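The values are calculated or read from the model by the stated rules, or taken from the named source; none is laboratory data. This structure is a prediction, so every number in the text was calculated from the model and none was measured. Positions of Cβ are generated from backbone atoms using ideal geometry, with glycine treated the same way; all protein chains shown enter the neighbour counts. These accessible areas exclude ligands, DNA and RNA; they are computed on the full protein's heavy atoms, side chains included. Shrake-Rupley method; radii C 1.70, N 1.55, O 1.52, S 1.80 Å.
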Amino acid sequence: MALSRTQLQRLPLSLLRFSKFDQCHPSLSSRLLSFSAKQVHVRNGRSLVPCNNRFSRVATTRAFTTRVHVDSTQPGGDRVNLLLNGRSVQMPLMWLRDHCRCEECYNAATAQKNVDNYTLNHKLQAVEVHVADDSLTVEWQDGHYSAYSLKWIQKNFHCPGTQVERFLWDGPRMTAEPLPAVAFEQHMNSEEGLKQTLMNILQYGFCVVQGAPVTPKGTETVANRICFLAETVYKRLSIMTSGVLAHSDTAYTNLPLGAHTDTTYYSLPAGIQVFHCLHHDGEGGETLLVDGFNVAEKLRKSNPSYFDTLVRTEVPHECIEKSNYHLYCLGTVLSIDRLSGELTHIRFNPYDRAPLRTVAADDIPQFYASYGALTQIIRSKDSEFWMKLVPGNVLLVDNWRVMHGRSGFMGQRVICGCYLPRDDWLSKARVLGLL
Ligand SMILES: C[N+](C)(C)CCCC[C@H](N)C(=O)O
Ligand SMILES: O=C(O)CCC(=O)C(=O)O
Ligand SMILES: [Fe+2]
């Protein structure tokens, strides 16, 4: 009996099951087979072995509804077509070979790849592709054998990652939202809690962890749950006590501070800034937050040329403690993604701006007009969201997006804080599947 490829595809499964199928295969001109099955073998012009075909149970008994066929008609090489939980994926065999997880190809102990399989002959052939239960196996023409779990494939094949939708806010909009907050207990002891903390930071640019021990150790514990603390000139954990000018910086006084981002004098400013008020017994000292991406978007809309100037102009910032350190760096006030144009970073600290030596005379008016326009939006009442830090509430702020400040204050006030590196907190969010 000779069957064409189309006839084979249309073959009723019941017939496939009960016919002496393996007798008809030698006349097949192609090695293409496509149907749903408990177990399918596709053989390359040698033998065809459908086995263990409990077709009626396919959809209900398996985590994955899988359909496989190897398609050699695709340009760019053979592909294995799989239907994974309703998602149709076409995996070039080259990808599968590159991702072989056998001991020879992959060192599970170090989680590193051993070989450059993608340099193998472009025309890598599979002798047999086999899907059974939750795994896919490939027997290659050169004798190599690979096995993959379908779950793993689903997670890793063409999953460019999701985009978290940012909630851009001004004061009234943020006030109308529930405060992005997670209980200390949840943050520390459940993965869901930690994910919620990170998700809040991704969406709103900040999160409050509530009910932490009111100690420097409590602050550090909250921060360490995300990643390690950044070492800076302020040491890993810094304590600002009113009346103690531990560093020559306005932050250590009781004066008001307008909205700004910290460590603008680094090429990679701190990723997350952590604030924990351990004590305050006087008036004022409220915390100000301003969504830097929201204000920048406002500027982009109202004056694209100002926005553009702030994306293009390198501005010097510095931090000086005479006889101790002098940090200095150039960076643009606004940064946008090269491909999407979306905002990625705001660097805004008028206190720490160094002499503007980067702008030519002719360009100076345009720079000040642009910086001034942005500053005005930042300083407008409408942009401001105020809250009082209370002992036990640890505030985590995305220092690449949300600016912070404070009102002047009276009395004794102790703030414990630290910085988290951007790459490290974002990695945590990525491996938890949030990005
Ligand atoms: C207290 N703490 C270490 C958080 C910051 C103090 C440094 C503030 C500095 N002007 C800046 O913006 O980087
Ligand atoms: O005192 C505060 O609440 C914040 C001061 C500040 O800007 C900082 O520590 O970076
Ligand atoms: Fe600051």
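Its residues counted as N, segment 317-362 yields a C-alpha radius of gyration over 2.2 N^0.38 Å of 1.47. Treating each Cα of segment 71-193 as an identical point scatterer and summing with the Debye formula, the log10 of I(q)/I(0) at q = 0.11, 0.12, 0.13 Å⁻¹ comes to -0.57, -0.63, -0.68.
If I take R0 = 51 Å and measure r between the Cβ atoms of Glu103 and Gln376 in this structure, what FRET efficiency does the formula 1/(1 + (r/R0)^6) give, to the nearest 0.05? Given R0 = 51 Å and the Cβ-Cβ separation, E is 0.25.
Pairwise Cα distances in segment 102-161 exceed 17 Å in 52 percent of cases. Would you please state the base-10 log of I(q)/I(0) at q = 0.13, 0.29 1/Å for segment 241-306, with intensities from the Debye formula using one equal scatterer on every alpha carbon? Taking Cα atoms of segment 241-306 as identical point scatterers yields -0.55, -1.41. Cβ-Cβ distance of Asn114 and Ser340, R₀ of 30 Å, FRET efficiency by 1/(1 + (r/R0)^6): the value works out to about 0.25. Close amide H partners of Glu128, meaning residues 5 or more places away or on another chain with modelled amide H under 5 Å apart, are Glu139. Between Leu268 and Asp249, the contour length at 0.36 nm per residue exceeds the alpha carbon distance by 4.8 nm. Once backbone amide H atoms are built at 1.01 Å from N, Val402 has Gly292 as its partners under 5 Å, excluding neighbours fewer than 5 places away on the same chain.
Loop-resident chymotrypsin sites (Phe, Trp or Tyr not before Pro) (DSSP state other than H, G, I, E or B) in segment 173-259 with no more than 13 further Cβ atoms inside 10 Å of their Cβ: Phe228.
Ligands, DNA and RNA aside, Thr175 has an accessible area near 100 Å² when probed at 1.4 Å.
With a simple spin-label model that places each label point 7 Å from the Cα along the Cα-to-Cβ direction, the separation between Tyr368 and Asp134 comes to 6.6 nm. If contacts are Cα pairs under 8 angstrom and at least 6 residues apart, what is the relative contact order of segment 223-273 in percent? Normalised by residue count, the contact order of segment 223-273 is 19 percent. The phi-based Karplus calculation (6.51 cos²θ - 1.76 cosθ + 1.60; θ = phi - 60°) puts the 3J(HN,Hα) values of segment 388-394 at 9, 6, 10, x, x, 9, 9 Hz, whole numbers, x for Gly and Pro. Per-residue extension of 0.36 nm, minus the Cα-Cα distance of Val89 and Ser190, leaves a gain of 33.0 nm for this segment. Apolar share of the accessible surface for segment 317-419: 56 percent from carbon plus sulfur atoms, 1.4 Å probe. The spread of Cα positions in segment 184-296, taken along each principal axis and listed from longest to shortest, comes to 40, 36, 29 Å. Heavy-atom surface analysis with a 1.4 Å probe gives segment 148-280 a carbon and sulfur content of 55 percent of its accessible area.
FRET efficiency for the His279 to Arg225 pair, using the beta carbon distance and R₀ = 30 Å, is estimated at 0.85. For the residue pairs Lys195/Lys298; Lys298/Lys381; Lys155/Lys195; Lys217/Lys388, alpha carbon separations beyond 24 Å are given by Lys195/Lys298.
Available extension along the chain between His326 and Ala361 is 9.9 nm, counting 0.36 nm per residue and deducting the alpha carbon span.
Counting heavy atoms of the protein chains only and a 1.4 Å probe, report the per residue accessible area for segment 208-318 as a whole number of Å².
Here the per-residue accessible area is 41 Å².
Here each label is just a point 7 Å from Cα along the line to Cβ, and for Trp152 and Glu314 those points are 4.5 nm apart.
Counting only protein heavy atoms and using a 1.4 Å probe, the accessible area of Glu191 comes to about 110 Å².
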